[in-house]
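If you scroll down you'll find the structure; I have some questions about it.
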Amino acid sequence: MSRILCVDDEPAILRLLGLGLAPGGHEVVAVSNARAAMDALGRGGVDGGLLVLGLSDRGGLGLLAAVPGK
């Protein structure tokens, strides 16, 4: 099973991503902002990710630039 980090500030979109990915055997780690995404990445065990570019606390590209070891 892979763990997919999903980052979006719209709860309905996070819910849909979970519904779409879970049947394929993926565990969804759903967060609503860049700070929570960085916390989840810091805990490790994330195999991939999906994110929206327009986050309220930091743009998606800014989040990608801040990911250590990218």
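So which of I4, I13 is open to solvent by 60 Å² or more (accessible area, probe 1.4 Å) and not basic (K, R)?
The conditions single out I13.
Is it the case that A65 is at pLDDT 95 or above and among the small types (G, A, S)?
no
Which number in (1) open to solvent by less than 30 Å² (accessible area, probe 1.4 Å); (2) out of contact with any strand residue (DSSP E or B) (no Cβ under 8 Å at 6 or more places or on another chain) marks the one condition that G18 misses?
Of (1) open to solvent by less than 30 Å² (accessible area, probe 1.4 Å); (2) out of contact with any strand residue (DSSP E or B) (no Cβ under 8 Å at 6 or more places or on another chain), only one is false for G18: (2).
Tell me which residues, restricted to the range 36-70, are open to solvent by 60 Å² or more (accessible area, probe 1.4 Å) and over 25 Å from M1 (Cα atoms).
Answer for the range 36-70, where residues must be open to solvent by 60 Å² or more (accessible area, probe 1.4 Å) and over 25 Å from M1 (Cα atoms): L53, S56, D57, R58, L61, A65.
The values are calculated or read from the model by the stated rules, or taken from the named source; none is laboratory data. Worth saying up front: this structure is predicted, and the values here are computed from it rather than measured. Cβ coordinates were reconstructed from backbone atoms using ideal geometry, including for glycine residues, and neighbour counts include every protein chain displayed. Heavy atoms of the whole protein, side chains included, go into the accessibility calculation; ligands, DNA and RNA do not. Shrake-Rupley method; radii C 1.70, N 1.55, O 1.52, S 1.80 Å.
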